[in-house]
Amino acid sequence: MGSRELKRRDFEDIELEPGSLMIDWLAEICGRALAIFDKKESNKKKKKKKLIVSDRHHHHHHHHCQMKKRKKETNDDFAKEEEKPKKMMKISEKEIQNFLPNNGVECCSQRQEEISIKEPSKRVQKSKRFQDCVVPLSSDEEEKEKNLIKKPKRVVGKKIDMDNGPNPPPDLPREFKQALEEFAQGRTITDLKLVIQKRTTATDMSAGHNRLSLPARHILNPFLTEQESKWLELYKGNKKLEFIEVDIIQPSLKICKVHLRRWAMRKDKGNISVSFVLNNTWNEIASRSYIIEGDILQLWSVRVEEKLCFLLVKLPSK
């Protein structure tokens, strides 16, 4: 049990039930002795742990001081190494002259260096002497020089429109004016204007297309009212664009009806191309008037009592 002796007071508070045997007394005494021993051992372990922690702290402090000392020594060594090149650079001018080969190159004196620093303009003037020198190139080098010169980009002009007949366009023939007066029968005639003059294309004369195209970019004079323009941009119940039914005086001077529509087509580049078209009865008009591909046509617009009408003129071929 160590140096401590067990005394009577350690066992005074032990209580046993009446009728207990001697073996019960011995068991309680041994248990109390073991409890005292365990308490003593735990106290020893706590003291030992405190000693270990204090030793570690002391060792860490010592290690930190050693590292600080080594870092300072290393920095001092680097500082000494940096000073060495400065000492090595202190070479006399005489030693430099002895080191250089005897090829006529002279070392600049301190006085010459001062002059060059104070007068930089003279040094610039010396370098300018070589700017005007032209070194002749060999034939191969001259060929390479020509190839290096960038060729100017070819300027592509706007697409030239096809020949659309005489310019300026001829006036409305007299027989069409007479036919217009007969058609009006005394009603007011206003806003006579040339809408377009064009040469018919293969598509214009195709029976499958049944339409005469009037590209918006070739329209010479605006001929629609604001209300008519908005109407042609509307869609009907069958998702087709609206149209205006117009009376037209044909090249034969006979009058029939034709539909005027506005088409907006999206091109490959994303641009929208707008055209007006005459359709529905175009094939019949072209057949009766003997219009073929390549003929030059004029389309005139006029207002008869504010109602839109057309006159289709076929110019004589040369």
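Out of Ile285, Ile291, I need the residue that is open to solvent by less than 100 Å² (accessible area, probe 1.4 Å), in a loop (DSSP other than H, G, I, E, B) and β-branched (Val, Ile, Thr). Which one?
Values: Ile285 fails: in a loop (DSSP other than H, G, I, E, B).
Being open to solvent by less than 100 Å² (accessible area, probe 1.4 Å), in a loop (DSSP other than H, G, I, E, B) and β-branched (Val, Ile, Thr) holds for just one of Ile285, Ile291, which is Ile291.
Sort out which residues of the range 22-31 are open to solvent by 70 Å² or more (accessible area, probe 1.4 Å) and closer than 17 Å to Arg9 by Cα, and write them in order of number. It would help to see each step written out before you state the result.
Looking only at the range 22-31, we keep the residues that are open to solvent by 70 Å² or more (accessible area, probe 1.4 Å), and these are 22-23, 25-26, 28, 30.
Trp25, Leu26, Glu28, Cys30, listed by residue number.
Just need a number here: residues in the range 249-268 that are under 36 Å from the mean Cα position of the chain (by Cα), assigned to a loop (DSSP other than H, G, I, E, B) and either closer than 17 Å to Leu212 by Cβ or modelled with pLDDT of 95 or more (or both).
Our first condition is that a residue be under 36 Å from the mean Cα position of the chain (by Cα); within the range 249-268, this holds for 263-268.
Of the ones still in play, those that are also assigned to a loop (DSSP other than H, G, I, E, B) are 267-268.
Applying the additional criterion that residues be either closer than 17 Å to Leu212 by Cβ or modelled with pLDDT of 95 or more (or both) yields none.
Qualifying residue count, the range 249-268: 0.
Which count do you get for residues in the range 256-267 that are of a type outside the set (Lys, Arg), buried (at least 16 other Cβ atoms within 10 Å of the Cβ) and touching a residue at least 24 places away in the same chain (Cβ under 8 Å)?
Total satisfying the criteria: 2.
Test Glu293 against the criterion of being among the charged types (D, E, K, R), in contact (Cβ under 8 Å) with a residue 12 or more places away in the chain and within 16 Å of Thr201 (Cα to Cα), and give yes or no. Let's see the steps before the verdict.
Values: among the charged types (D, E, K, R): yes; in contact (Cβ under 8 Å) with a residue 12 or more places away in the chain: yes; within 16 Å of Thr201 (Cα to Cα): yes.
Answer is yes for this residue.
Quickly run through the range 188-241 and pick out the residues that are open to solvent by less than 30 Å² (accessible area, probe 1.4 Å) and assigned to a loop (DSSP other than H, G, I, E, B).
Thr200, Asp204, Phe223
The values are calculated or read from the model by the stated rules, or taken from the named source; none is laboratory data. These figures come from a predicted structure and were not determined experimentally. Reconstructed Cβ throughout: ideal geometry from the backbone, glycine too, with neighbour counts over all protein chains shown. When the accessible area is computed, the model is the full protein with side chains, heavy atoms only, and any ligands, DNA or RNA have been set aside. Shrake-Rupley method; radii C 1.70, N 1.55, O 1.52, S 1.80 Å.
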